[in-house]
Amino acid sequence: MTDVSLPLPRSPVAALFARLGMLRGFPIVASVVLSAVVIAAVLGPFISPHPADAINLRDAMTPPAWEDGGESAYVLGTDNLGRDILSRIIAGARVSVVIALYAIVLSGGIGMLMGMTAGFFGGWIDSVISRLIDIQMSVPALPLAMLFAAVLPPGEGMVVVIIVMTYWTWYARIVRGDVLSLRERDFIALARVAGVSTPMIFIRHLAPNLLNTMLVLATLQFGSVIVFEAGLSFLGLGIQPPQVSWGGMLSDGRNFIEVAWWLITIPGLAIMAACLASNLLGDWLRDTFDPMRRQV
Amino acid sequence: MSRYIVSRVWQGAIAILGALAIVFIAQRVSGDPVALMLPMEATEEDFANMRRALGLDKPLVVQFFVFVSNAAQGDFGDSYYWSAPAMELLIDRLPATLELALAGLAFALLLAVPLGVLSAVYRGGWIDNGAKIFAMLGQAMPGFWVGLLLIVFIAVELRWLPAYGRGTLAHLVLPAIALGWYPVAAMTRTLRSAMLDILESDYVRMERAIGLPERAIIWRYALRNAAVPLVTMIGVYFANMLGGAFVIEVVFAWPGVGRTVVEAVFARDFPVVQAGVVLAAVIFVVVNLIVDLSYGFIDPRIRHD
């Protein structure tokens, strides 16, 4: 046996660099955009320059401040009722974030539980859940959303239900795959031998190993939910006025498409920025947690 | 092979049955259909008679069985609004939707195939990086917003193309771009990674060694080997586009299935909504089935025994 050299104690600076190395490629802009959306959602009324639903007909259809005829009081312009677009974007952020949070927690929770159950027990339970996922995935999301929109009372609750119905399979499929390989690992077998109850195995041994996957999926779902909700609200099937939503703003702006380009462009940019940011952050998280899946 | 076909058809049938079950449950949750049909002054007895006439007094299992056997014959009842059979109404509008979806697919392929191939060939070059940025942006832009932007800037500002309605080929261009927008990004990335694998394979090295021109190697031989992932994508996105058409048709006032179903939701015209959901599910399942079964023909190395 040769003597084993002790690892040198790491200097604080080296430790800091090692930690920064973990942050390589961290999408700074995306995080800033995402934080801005969340801050707008939380602080909403306190930071918006005007009340989101303040009608001011004298200032109706003011273009954004940098255009001819724009006013500095309305940086992003006003709509046909003179409501400030910036304030409405901020109000819309709140709706988007709240819905996204509920939808992510519920679809993530249901999907995770179903995926864990299917993967862990296998056999007929797995068959039933897998078939359920197949069925769910063989009905395209939007037509299915129409069906629920037709039978449920419209509003935030309905939007969350539709999104959960659409997205739980997403989590369930991936979690099932992960659990299939996890349950063959020694620590699960040992826990079973040691007499740990199944719920405890789920909570203490499986769930912590799924956290990375769940975090990546949830981040990616955030952007996806915002686009989906905007689509529903645009069709008039999601968030109902007077509540403000980005999709609803696009739908309102559509009536003035010939005269006011900013009513169409600006809410769409908000949707795009939020979605892009969440995709970039999600991709980065996936690459960081799971370098094997990194794309070429 | 035939066993594989049978099991895939069986799976497809179960999926459609599941879709029917979802529709059936949703219909029952939605409340008493009889209340909508009878006048305000109807008595309890009228309600009971109506229920019996509609078969609503029977056990749910029997009702479901009746529902499925009617659905199998394409019978979802008459539209409340158009007073015509709901499914017939939608089938009449299906050509318009298929036309739009095919045009969207054509647009997506026209952009994605050259972009994907060139990104792989000139890996790390400006086409590759440009396509990467385009893919990132493209996936964050909802198709209906792209459609609205096209209307604002191409149809209204520049007056190059008509914004609404169906008729000439020019009417088809903008909706097709909006519908085909989303798949371009994913298709480009998939094709790129498939091509990267193929270009490093032995037979491409062999083709280079015997001195075939590079252009022929890429476009004639390598691209043909990317057919399987390409066909998979075409199937997945063609089916998705039929769903996406629900919104795009509203944006461009396109007289297809999607717009009819959206209008039916507002009119609480349940038979049409139900028929629409089932129609979408059937098309989705059939398209995926065709894709799965086509692999064996495209690439004889894939045989499902």
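The values are calculated or read from the model by the stated rules, or taken from the named source; none is laboratory data. None of the values given here were measured: they were computed from a predicted structure. Positions of Cβ are backbone-derived with ideal geometry, glycine not excepted, and every protein chain shown enters the neighbour counts.
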Can you pull out every residue in region B:184-207 that is away from chain A (no Cβ under 14 Å) and at pLDDT 85 or above? B:V184, B:M187
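Quick one: how many residues across region A:128-147 are at the interface with another protein chain (Cβ under 7 Å from one of its Cβ atoms) and free of Cβ contacts under 8 Å to residues at least 40 places away in the same chain? Lay out the reasoning, then the answer.
Let us first name the residues in region A:128-147 that are at the interface with another protein chain (Cβ under 7 Å from one of its Cβ atoms), namely A:131, A:134-135, A:138-144, A:146-147.
Cutting the leftovers down to free of Cβ contacts under 8 Å to residues at least 40 places away in the same chain gives us A:131, A:134-135, A:138-140, A:143-144, A:147.
Number satisfying all stated conditions: 9.
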Top-ranked residue of region A:255-272 - restricted to ones that are free of Cβ contacts under 8 Å to residues at least 12 places away in the same chain and over 20 Å from the mean Cα position of the chain (by Cα), ranked as farthest from A:L76 (Cα to Cα): A:E258
Counting just the residues of region A:166-188 that are crowded, with 20+ Cβ neighbours inside 10 Å and among the aliphatic types (A, V, I, L, M), which one comes out farthest from A:L101 (Cα to Cα)? A:V179
Condition set surrounded by fewer than 19 Cβ atoms within 10 Å (Cβ to Cβ), in contact (Cβ under 8 Å) with a residue 12 or more places away in the chain and more than 14 Å from every other protein chain (Cβ to nearest Cβ), scope region A:208-238, selection farthest from the chain's Cα centre (by Cα): answer is A:N209
(1) within 16 Å of B:D92 (Cα to Cα); (2) of a type in the set (S, T, N, Q); (3) facing chain A (nearest Cβ under 9 Å): which one isn't true of B:T260, the others all being true? (3)
Matching residues in region B:129-152 - criterion: being over 29 Å from A:W262 (Cβ atoms) and within 11 Å of chain A (Cβ to nearest Cβ): B:K132
For A:L101: the one exception among (1) away from chain B (no Cβ under 14 Å); (2) in contact with a Lys or Arg (Cβ under 7 Å, 6 or more places away or on another chain): (2)
Checking B:F252 against (1) closer than 25 Å to B:D128 by Cα; (2) in contact with a Pro (Cβ under 8 Å, 6 or more places away or on another chain); (3) buried (at least 24 other Cβ atoms within 10 Å of the Cβ), which single condition isn't satisfied? (1)
Filtered residue count, region A:182-197, keeping only those that are out of contact with any Phe, Trp or Tyr (no Cβ under 8 Å at 6 or more places or on another chain) and either touching a residue at least 60 places away in the same chain (Cβ under 8 Å) or in a loop (DSSP other than H, G, I, E, B) (or both): 7
Would you please name the residue that is surrounded by the fewest Cβ atoms within 10 Å (Cβ to Cβ), looking only at residues in region A:266-288 that are at the interface with chain B (Cβ under 7 Å from one of its Cβ atoms) and not hydrophobic (A, V, I, L, M, F, W, C)? A:N279
Going by the structure shown, is A:P241 surrounded by fewer than 19 Cβ atoms within 10 Å (Cβ to Cβ), within 24 Å of B:G258 (Cα to Cα) and away from chain B (no Cβ under 13 Å)? yes
Which one is farthest from the other protein chains (Cβ to nearest Cβ) among residues in region A:152-165 that are surrounded by 20 or more Cβ atoms within 10 Å (Cβ to Cβ) and over 30 Å from A:L206 (Cβ atoms)? A:V159
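Being surrounded by 15 or more Cβ atoms within 10 Å (Cβ to Cβ), in contact with a Lys or Arg (Cβ under 7 Å, 6 or more places away or on another chain) and over 26 Å from A:T213 (Cα atoms): is that true of A:G119 here?
Values: surrounded by 15 or more Cβ atoms within 10 Å (Cβ to Cβ): yes; in contact with a Lys or Arg (Cβ under 7 Å, 6 or more places away or on another chain): yes; over 26 Å from A:T213 (Cα atoms): no.
So A:G119 fails the test.
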